[in-house]
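In what follows, a structure is listed as structure tokens, so that the remarks can point back to it.
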Amino acid sequence: MTQLEQSDIFYPSSEVTEQANVAEYEKLYQYSVENREAFWAEQAENLNWFKKWDSVLDESNAPMYKWFDGGEINIVHNAVDRHVENANRNKMAIIWEGENGEKRNFSYNGLNREVCQFANVLKSMGVEKGDVVTIYMPQIPELIFAMLACAKIGAVHSVVYGGFSTEALASRIDDAHSRVLITADGGSRRGKKINLKAIANDAMKRSPSIEVCICVKNNELDVEMEPSRDFWLHDLKALPIAGSKCETEKTGAEDPLFILYTSGTTGSPKGMVHTHGGYAVYTSTTHRMIFDIKPQDRWWCAADPGWITGHSYIVYGPLINGATIMLYDGAPNYPYPNRWWQIIENYGINILYTSPTAIRGLMRFGERWPKKHDLSSLRLLGSVGEPINPKAWKWYHHVIGNDKCPIIDTWWQTETGGCMISPLPITPLKPGSATKPFFGNEISIVNDEGNEVGANEEGKLIIKNPWPGMARTVFKDEQRYKDLYWSQVDGKWRYLAGDSAKKDDDGYIWVIGRIDEVLKVSGYRLGTAEIEHALVSHPAVTEAAAIGLPHELKGNAIHTYVVIKEGMVGDKNLCNELKEHVGSEMGKIATPEDVQFVEALPKTRSGKIMRRVLKARALGQDEGDLSTLEE
Ligand code: WT7
């Protein structure tokens, strides 16, 4: 990655600033942190509540904070129902395009009909308020219908990214004890069909809690259906039970909306729990203020709905704001590297929100592909998932944005629910910095003792306050949530993000990367523990370690070290077999770049693998303090 060039400042054009939804930052920021509850109560007024809250923020059991407690709301009432009753009724809600060019559109009215039908199907399968439904699907409209249908009846969705594989799916079903799984026959990438149902079938064998599997017909693959457990959605929708009207459940503001699993420092992925009330307020407010959404805009968050970015900024935030959203299920460079640029031109996309890894991936094909298209509809460009290197920033700004679209580099996490550090369209930009905290948030950089470090000094990124979009707990494990994220200094609770960062002389925040054993590979978050677990599940392997090393396109690539059983031969064949094994257990994104066979792994005397030693060796750097290294 190139050196951060802190001297470059880009000022937004008057075209953008004059029409920005938020015209001023400093004063409103000051107000929002001094009057946090008042600020968030004002934002919450933009939503429809069945019953207003008793308290905006309840700190009595900190750090188990509650927002808008006592209030009654349903996020779907805000994301769908209310639009059907207002002028958005016939407005386009979802524009969908498949890789093969197939197109489907849904107005808010049409979306409501689909969600109601799906909700009735779920009810007919015995799904009740509070039940966890696992969803494993490609990026098709039915994925969004399924999520909203769960939320509508007060069930909790747990979406597992469609690129994950058997073990990743099975362990998430198990942890959530899901009785119902929603999936599809399959999806396709680069013209090749992917059999999701086969993966789902394997996962259901490993996790027996599933009693009902609802399958969407998407790519006409011949799949195995188990009678009495598996049902086609289109068959269920044809039954009288699946009427196109369904009342939206009144849920409490603090009732769980979804669980989303994410990788952590050790052990299995954590199910982060988000709520109906605070999450609705946070995602819609950040979407409106940061991304400056206007009624006539076409918004494209080119993430997968199966990740938090998709939950918050494809589905919930934009739909609450009544926006028109673009959804594309396919590779960015299929059949040619102009696919995304063609979509922007064809649909007149105004705001594009994507990841540095996608930008780098498209940048390598050169300017000639975007140059074939009229991209003048674009007004703002967003980035999320990892630090954006200045070279990619400048290409995005110049080639895609024609020097007129601010780059909205947003820092946040699965745990935070929405953007925490981000410019507004009016903010002067420095390439590589996510700039300043969003309203209501006080963010500091501290040392190991918890004291604030000086300007330009590296330290740990902390958040000093609760915010409505914060995850409330780790599913079924409150203690783990408290231990992992919260600590107290001088009687005040602070949230530890797991990232290292610096603040410069202007107060701009520069996020450097993870400080824990989490890897960011192509913007995807993977725990070294999960990759190692997958390796060790192969019969030839006794021990494994995974580390991330810099990679030009992916940001980080996975490198692994394995100790194999006596008598096994660590050759090219086994190496390939192990790579494939991790891919088929975890998903393609977790496939290691390489597998090295070693005699032993560097460990502390207490038996912990010293990944930093492996990393330093691989990079030819100083191995640092080795005093705890076992002989
Ligand atoms: C981690 C969270 C937020 C949705 C997608 C990722 C890294 C995220 C940025 C950014 C630098 C970033 C951090 C963070 N990260 N955005 N703009 N600049 N780093 O969510 O999978 O929960 O990952 O992604 O390391 O901790 P996630």
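Here the contact order of region 528-621, divided by its residue count and restricted to Cα pairs under 8 Å and six or more residues apart, works out to 27 percent. Looking at the chain, the accessible area is 39 square angstrom per residue; that uses a 1.4 Å probe and ignores ligands, DNA and RNA.
In the P(r) worked out for region 143-262, what percent of Cα pairs fall beyond 19 Å? In whole percent, the share of Cα-Cα pairs in region 143-262 beyond 19 Å is 51. Other residues with beta-carbon under 15 Å from the beta-carbon of V399 carry, at +1 per Lys or Arg and -1 per Asp or Glu, a net charge of +4. The charge dipole of region 106-271, taken about its Cα centre with unit charges on the Cβ of Lys, Arg, Asp and Glu (plus for the first two, minus for the last two), comes to roughly 360 debye. Residues whose amide H lies under 5 Å from that of K52, counting only those 5 or more places away or on a different chain, are E72; hydrogens are built 1.01 Å from N in the peptide plane.
Under a straight-distance cross-link criterion of Cα-Cα below 18 Å, which aspartates and glutamates are reachable from K391, leaving out those fewer than 8 residues away in the same chain? Leaving aside aspartates and glutamates fewer than 8 places away in the same chain, those within reach of K391 are E5, D8, E367, D403, D409, E552. Shown in residue order for region 255-266 are the 3J(HN,Hα) couplings computed by the Karplus curve 6.51 cos²θ - 1.76 cosθ + 1.60 at θ = phi - 60°: 5, x, 9, 7, 10, 9, 7, 9, 7, x, 5, 10 Hz (x for Gly and Pro).
For D594, nonlocal amide neighbours, meaning residues 5 or more places apart or on other chains whose placed amide H falls under 5 Å from its own, are T560. Mean projected area of the convex hull spanned by the Cα atoms of region 411-474, taken over all viewing directions: 5.4 nm².
Summarise the accessible area of the chain (1.4 Å probe, protein heavy atoms) by the percent that is carbon and sulfur. Here it works out to 47 percent. Sequentially through region 151-160, phi angles give Karplus couplings (6.51, -1.76, 1.60; θ = phi - 60°) of 4, 4, 9, x, 7, 10, 8, 10, 8, 10 Hz, Gly and Pro residues having no value and appearing as x. Extension gain for Y334-K217 works out to 39.9 nm (0.36 nm per residue, less the C-alpha to C-alpha distance).
Sequence-ordered 3J(HN,Hα) estimates for region 14-22 from the Karplus curve with 6.51, -1.76 and 1.60 and θ = phi - 60° stand at 5, 3, 7, 5, 5, 10, 5, 4, 10 Hz, glycine and proline given as x. So if each residue of separation counts as 0.36 nm, and I subtract the Cα-Cα distance between E26 and K245, what length gain in nm does that give? Between E26 and K245, full extension yields an extra 74.2 nm. Each residue, E102 and A238, gets one label point 7 Å from its Cα in the Cβ direction; the gap between the two is 1.8 nm.
Determine the equivalent ellipsoid of the chain by diagonalising the alpha-carbon gyration tensor, then write out the semi-axes as square roots of 5 times the eigenvalues, largest first, rounded to whole Å. Walk me through the numbers on the way to the answer.
Working: eigenvalues 232, 199, 136 Å².
Largest first, the chain gives 34, 32, 26 Å.
The amide H of I194, built 1.01 Å from its N in the peptide plane, has G187, S188, R189 as neighbours under 5 Å, considering only residues 5 or more places off or on other chains.
Normalised by residue count, region 9-53 yields a Cα convex hull volume of 95 Å³ per residue.
Note on K205: lysines with a C-alpha under 20 Å away, same-chain residues under 8 apart excluded, are K197. Would you work out which of G110, N100, Y25 lies farthest towards the positive end of the dipole of region 1-147, given +1 charges on the beta-carbon of Lys and Arg and -1 on that of Asp and Glu, about the Cα centre? Selected residue: G110. The A600 and K91 beta-carbon pair, evaluated with R₀ = 45 Å, returns a calculated FRET efficiency of approximately 0.10. A protection proxy built from the mean count of other Cβ atoms within 10 Å ranks the segments 80-86, 489-495, most packed first, as 80-86, 489-495. Other residues lying with their Cβ under 13 Å from the Cβ of S171 contribute a combined charge of -3, Lys and Arg counting +1, Asp and Glu -1.
Rounded to the nearest 20, the Cβ-based charge dipole of the chain about its Cα centre (Lys and Arg +1, Asp and Glu -1) stands at 1420 debye.
Over the Cα atoms of region 522-630, what is the Rg over Rh ratio if Rh follows Kirkwood?
So for region 522-630, dividing Rg by the Kirkwood Rh gives 0.96.
Think of it this way: in the chain, C150, C213, C215, C301, C405, C419, C575 stand alone, with no other Cys Cβ under 4.7 Å. At the residue level, R179 shows approximately 70 square angstrom of accessible surface with a 1.4 angstrom probe and all protein chains present.
The lysines within cross-link reach of K192, meaning a Cα-to-Cα straight distance under 23 Å and a gap of 8 or more places when in the same chain, are K103, K217, K554, K579, K588. Dipole orientation for region 283-384: of the candidates I320, Y347, T285, Y347 has the Cα lying most toward the positive pole (charges on Cβ; Lys, Arg +1; Asp, Glu -1). The slack in the chain from D506 to M568, taken as 0.36 nm per residue of separation less the alpha-carbon distance, amounts to 16.6 nm. Here region 424-486 is treated with +1 on each Lys and Arg Cβ and -1 on each Asp and Glu Cβ, and its dipole about the Cα centre works out to around 360 debye.
Look at the dipole of the chain built from charges on Cβ: of C419, G126, G555, the Cα furthest out on the positive end belongs to G126.
The values are calculated or read from the model by the stated rules, or taken from the named source; none is laboratory data. In this text the structure is predicted, and so the values were computed from the model without any measurement. Positions of Cβ are generated from backbone atoms using ideal geometry, with glycine treated the same way; all protein chains shown enter the neighbour counts. Note: areas computed on protein heavy atoms with side chains; ligands, DNA, RNA excluded. Shrake-Rupley method; radii C 1.70, N 1.55, O 1.52, S 1.80 Å.
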